[in-house]
Amino acid sequence: MPTPFPGMDPYLERPSLWQDFHSRLIVALADYLAPRVRPRYYVGVEERTYRAGITGLTFVGRPDVTVVASPKPAYAVAPTVETAIAGIVPVELPVPDIVRETYLEVRASGADGDRVITALEILSPGNKLPGEGRTQYENKRMVVLGSLTHLVEIDLLRGGLPMLMFGDGRGAPYRILVSRAAARPQADLLPFSVRQPIPDFPLPLRRRDEELAVPLNTLLHELYDRAGYDLRINYRADPIPPLGGEDAAWAEALLREKGLR
């Protein structure tokens, strides 16, 4: 079953679903790009890891920190003096979670010796909240922006703080940034809303090679159908984070028209 939305499905932003979707979309992009850029390039799926503190876990959406409807307090009541004296009281301590994020690198093959030509990132929740994940990504971003490597940055998350940039379009709920090394500090931003199909984006390569148009909307919709996300999404509830204003009214009408509400 296809997604009822014309572009990005906001229900895929749910923390408990995002990690699965992000990983699958990275692989779908790699599988699409690899045969189209060879033999001059190859596509690698890379990974970085960081420790997420307690405050960041809810947004990261790891399964073991899913919020459940429970009246339990945030911490246990302290034992009485008699219990503490009588023996050892078992307690639990918070520990940081290890978060793994994947991204793509298009590298030159042959005589150019493995040089990274284009870095392609799909932002994760950890990149958009203050903390180690954002700091690590911002540091990598600055290194790329100061190099001869192109950057494509895809933001399909409405929550969190957008990456730093200047100019119009920053207020759009979703955005794709295409930064060509030779044009910096200028870059192209493709902003779009939940009501629009995701625009195709150009994949910059070396100057003598034509840029590749990537149909992200088609890839995402094919992935949604292939992964059976319709079986995991309750369209009668609001997405997380919820839509607001005219977008909420538009989505309500759309889902009613599709028979999902």
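No lab work stands behind these numbers, since they all come straight from the coordinates. The shown structure was predicted, so the numbers you read here are calculated from the model rather than taken from an experiment. Counting neighbours? That spans all protein chains shown, and the Cβs are built from the backbone with ideal geometry, glycine included.
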Completion exercise
Summing +1 per Lys or Arg and -1 per Asp or Glu among the other residues with Cβ less than 13 Å from residue 220's Cβ gives -3
Exercise for the section: For the range 158-257, run through the chymotrypsin sites (Phe, Trp or Tyr not before Pro) and keep only the ones in DSSP coil with at most 14 other Cβ atoms within 10 Å of their Cβ. Expected result: 166
Completion exercise
Row for the range 199-261, column shape: gyration tensor on C-alpha, a ≥ b ≥ c, rounded if a/c < 1.5 i.e. under 1.5, prolate if a/b over b/c, else oblate; value prolate
Exercise for the section: First select every other residue whose beta carbon is under 11 angstrom from the beta carbon of residue 239; then total the charges, Lys and Arg +1, Asp and Glu -1. Expected result: -2
Fill in the blank from the handout: The size of the Cβ-based charge dipole (Lys, Arg +1; Asp, Glu -1) of the range 114-230 about the Cα centre, to the nearest 20 debye, is 400
Practice task
Using R₀ = 41 Å, calculate the FRET efficiency as 1/(1 + (r/R₀)^6) where r is the Cβ-Cβ separation of residue 98 and residue 1; round to 0.05.
Solution key: 0.75
Exercise for the section: Arrange the peptides 149-155, 23-29 so that the one whose residues have, on average, the most other Cβ atoms within 10 Å appears first. Expected result: 149-155, 23-29
Completion exercise
Around residue 31 (Cβ within 11 Å, Cβ-to-Cβ, excluding residue 31; K/R +1, D/E -1) the net charge comes to +1
Practice task
Under 1.5 on a/c is rounded, so check that first for the range 87-189, then, if it is not, pick prolate when a/b is larger than b/c and oblate when it is not; a ≥ b ≥ c are the square roots of the alpha carbon gyration tensor eigenvalues.
Solution key: oblate
Exercise for the section: Could you order peptides 2-12, 201-211 by the average number of other Cβ atoms within 10 Å of their residues, highest first? Expected result: 2-12, 201-211
Practice task
For an R0 of 45 angstrom, estimate the FRET efficiency from the Cβ-Cβ distance between residue 145 and residue 257 and round to the nearest 0.05.
Solution key: 0.55
Exercise for the section: Please say if the range 138-222 is rounded, prolate or oblate, where rounded means a/c under 1.5 for a ≥ b ≥ c the square roots of the C-alpha gyration tensor eigenvalues, and otherwise the choice is prolate for a/b larger than b/c and oblate otherwise? Expected result: oblate
Handout entry: Estimated Rh, the range 126-170: Kirkwood, alpha-carbon pairs, angstrom
Key = 11.6
